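Accompanying notes for the structure given below.
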Amino acid sequence: MNQNINTTAASASTQPVAGPVSNHITTIEKFLYGGGSMALAVKNVTFNMFVLLFYKQVLGLSGTLTGLAIFISVMWDAVSDPLIGSWSDRLRTRLGRRHPMLIAGTIPLGLSFVMIFNPIEAVQGTQWPLFAWLLVSVVLLRTFLTMIWIPLGAMGAEITDDYAERTSIVSFRTNIAWIAGMLLPVIALPLLFVGTNDQDGRFIVENYTQYGWVCCIIVIIFCFACIRGTWRFIPRLIAVGNRHRPTPGAMGVLRDAIETFHDSNFRRLIVLDLCVGATFGITAALFMVTMTYYWEVSVGELSVLSTGSLVAAGLIFPATKYLSERWEKQTILKFAVIGFIINTPWLIVARMTDWAPENGTLFLFALLYIQGTINTFLSILRTISHHSILADIADEHELRTGRRQEGVLFAVAAFAEKFVMGFGYIFVGPFLDIIGLEATMAPGAVPESIFTSIGIVIGPVMTIILVIPLWMVSRLGVSRERSREVQAALRSRQLGESAT
């Protein structure tokens, strides 16, 4: 295969590029494109910080039912993600393959956030009716989010075929998502979750209602800005889409999804996603519980801690440029995974061995700030390199199959990550019930046995799981030179098809 590509690349190197040439992408266009990632950022913040706490500790829904509702919604993603991804790949309209879905999903997605945090009075104070409300809400939210996120991710691999420019585009998309994801709690916690009569604002129902509407407005504004900012690329996206030759028949969608696993690099990325996502899913589902009860961090302190992620996001732009010029994407990804293995357990282990400072001290707060900042930096770096590699795999997939299937590739990869995030909730919900964390417990009044159980899970257990991603990234076969060879072979094929 490599020899054939090398031969083709040599013969194509002196040929003009067939098809639409990648236009220069301005900084403002990258920013507007990246703004679409606000939808995912708002969802992540909502589920990482507020959904479990709201339904379990505020409304009184059992942790098991809360986790089950979220897990079922992720199982629905197993159906909707590949279907929407393949549908997007096959769509033929005057607006191309991606923009119609972005337009259709934006307003319903925004209203889904309102629904989650506004359960009607008839279901409040119950178990199964409240469970049903949560289930329907999160299923709708995830479906409409897929209609935004899959076309957005696929578009990033289509608006340019330049190896370095793809990294730049993904960098904008990822950094905006992280910056927004951190700004939202920094602003929302002190402004929306205000306490009254000595009651912690995190336990007041009306505060969550306001939060839902804020999320709705943010999502709608930024998604439409993304649509407007990428509008001029529609002709190019249509041209790229015309190279796609979908598998015919109703079963073609399933065959297209299965065929993506024929690529060994893609399989390794999926395994990496599953394991890294498992650690992120569990720690994210436990985040507010850990901060509220384990570290006993106040609302104001939590808001300040979130600014550490803003610092990390500010550092990542120059760091990404520096590293991408000197390292292969695979090396950057390995660096991020090794960083996770080191950064995940150290503070938890210090607490479990009585080396950590006491809760409420400035020294502990500083250590939490440092750990959170490092973790965000590594997470952004991993996401950028991972998605940039995925765009290169889409080229290899086209060379091997003759089909341009960014939608399916990103859908399968997105589902792998969302599956383990859902697994985090199906694990954490029953886990909190088993260890005995009750809705009536206040920070500072939690038995030490609960602390020990939480510490073991988010420290040593998470670290052990991360060894598998390190092995997977070490076996990836991607490089700058390989990408050039594949691009040259694709250009040669397009020239041959044009000639005939």
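Treating only the Cβ atoms of Lys and Arg (+1) and Asp and Glu (-1) as charged, compute the dipole magnitude of the chain about its Cα centre; round to the nearest 20 debye.
Numbers: 36 positive and 34 negative charges, 369 e Å.
The calculation lands at about 1780 debye.
Have a look at Phe172, Val276, Thr260 and report the one farthest towards the positive end of the charge dipole of the chain, computed about the Cα centre with Cβ charges (Lys/Arg +1, Asp/Glu -1).
My answer, from the dipole projection, is Thr260.
Could you give the nm distance between label points at Trp231 and Ile28, where each point is 7 Å from its Cα heading toward the beta carbon?
Each label point is offset 7 Å from its Cα along the Cβ direction, giving 1.3 nm.
Rank these residues by their accessible area, most exposed first, probe 1.4 Å: Trp87, Trp178, Trp231. Please list the in-between numbers first.
Details: Trp87 135, Trp178 65, Trp231 100 Å².
Putting Trp87, Trp178, Trp231 in descending order of accessible area: Trp87, Trp231, Trp178.
Can you tell me the dipole magnitude for region 29-166 around its Cα centre, using point charges on the Cβ only (Lys, Arg +1; Asp, Glu -1), in Debye to the nearest 20? Please report the intermediate quantities before stating the final value.
Working: 10 positive and 9 negative charges, 40 e Å.
With only Lys, Arg, Asp and Glu charged at Cβ, the dipole is about 200 debye.
Starting from the Cα-Cα distance between Ala164 and Ser474, subtract it from 0.36 nm times their residue separation and give me the gain in nm to one decimal.
Numbers: separation 310, 0.36 × 310 = 111.60 nm, distance 2.14 nm.
Length gained between Ala164 and Ser474: 109.5 nm.
Roughly speaking, what is the stretch gain from Val205 to Ile434, that is 0.36 nm per residue apart minus the C-alpha to C-alpha distance, in nm to one decimal? Could you put the intermediate results ahead of the total?
Details: separation 229, 0.36 × 229 = 82.44 nm, distance 2.55 nm.
Extra length from Val205 to Ile434 when fully extended: 79.9 nm.
Please report how far the C-alpha centroid of region 361-390 lies from that of region 22-73, rounded to the nearest whole angstrom.
With region 361-390 and region 22-73 each reduced to a Cα centre, they are spaced 18 Å.
Relative contact order, percent, of region 51-175 when contacts are C-alpha pairs under 8 Å separated by at least 6 residues?
Numbers: 101 pairs, mean separation 40.8, N = 125.
Reported relative contact order: 33 percent.
Compare the Cα positions of Phe117, Leu381, Ile456 along the charge dipole of the chain (+1 at Cβ of Lys, Arg; -1 at Cβ of Asp, Glu; about the Cα centre) and return the one farthest towards the positive end.
Value: Leu381.
Which entry in (i) 1.09; (ii) 1.32; (iii) 0.98 is this structure's computed Cα Rg over 2.2 N^0.38 Å?
Identified label for the calculated read-out: (iii).
Calculate, for Ile342 and Arg267, the FRET efficiency according to 1/(1 + (r/R0)^6) with r their C-beta to C-beta distance and R0 35 Å; round to the nearest 0.05. Could the numbers behind the result be given before it?
Details: r = 27 Å, r/R0 = 0.76.
Efficiency, rounded to the nearest 0.05: 0.85.
Go ahead and run the numbers for FRET between Phe363 and Met441, Cβ-Cβ distance against an R0 of 25 Å, rounding to 0.05.
In this case the efficiency is close to 0.45.
List the relative contact order of region 344-500 as a percent without decimals, with contacts defined as Cα pairs under 8 Å and 6+ residues apart. Walk me through the intermediate numbers first.
Numbers: 57 pairs, mean separation 56.2, N = 157.
Value for region 344-500: 36 percent.
For Val311 paired with Ile221, estimate the spin-label separation in nm (one decimal), with each label point 7 Å from Cα along the Cα-to-Cβ line.
2.8
Between Thr160, Val136, Ile150, whose Cα lies farthest towards the positive end of the dipole of region 117-201 when Lys and Arg beta carbons carry +1 and Asp and Glu beta carbons carry -1, centred on the Cα centre?
Projecting each Cα onto the dipole axis, the largest value belongs to Val136.
Please give the calculated 222 nm ellipticity per residue for the chain, where each DSSP H segment of at least 4 residues contributes -39500 (n - 2.57) and the sum is spread over every residue; nearest 500 deg cm²/dmol? Present the calculation step by step, with values, prior to reporting the outcome.
Values: 20 runs with 359 residues, N = 500.
For the chain, the value works out to -24500 deg cm²/dmol.
Take every Cα pair under 8 Å in the chain that's 6+ residues apart, average their separations, divide by the length, and report that relative contact order as a whole percent. Mind showing how you got there, number by number?
Numbers: 731 pairs, mean separation 151.9, N = 500.
This gives 30 percent for the chain.
Leaving out ligands, DNA and RNA but keeping every protein chain, what accessible area does Lys321 have, in Å² rounded to the nearest 10, with a 1.4 Å probe?
120
Give me the distance in nm between label points sitting 7 Å out from Cα along the Cα-to-Cβ direction at Ala239 and Asn118, one decimal.
4.5
Considering only C-alpha atoms, what is the centroid distance from region 263-285 to region 426-494, in Å?
What the calculation gives is 7 Å, centre to centre.
Would you mind calculating the gained length between Asn197 and Thr93 on full extension (0.36 nm times residue separation, minus the Cα-Cα distance), in nm to one decimal?
On the way: separation 104, 0.36 × 104 = 37.44 nm, distance 5.67 nm.
Stretched out fully, the Asn197 to Thr93 stretch lengthens by 31.8 nm.
The values are calculated or read from the model by the stated rules, or taken from the named source; none is laboratory data. Since the structure is predicted, the reported quantities are computational estimates derived from the model, not experimental observations. Methodologically, a virtual Cβ is constructed for each residue, glycine included, from the backbone with ideal geometry; neighbour enumeration extends over all protein chains shown. Side chains are part of the model used for accessible areas, which takes the heavy atoms of the whole protein and leaves out ligands, DNA and RNA. Shrake-Rupley method; radii C 1.70, N 1.55, O 1.52, S 1.80 Å.
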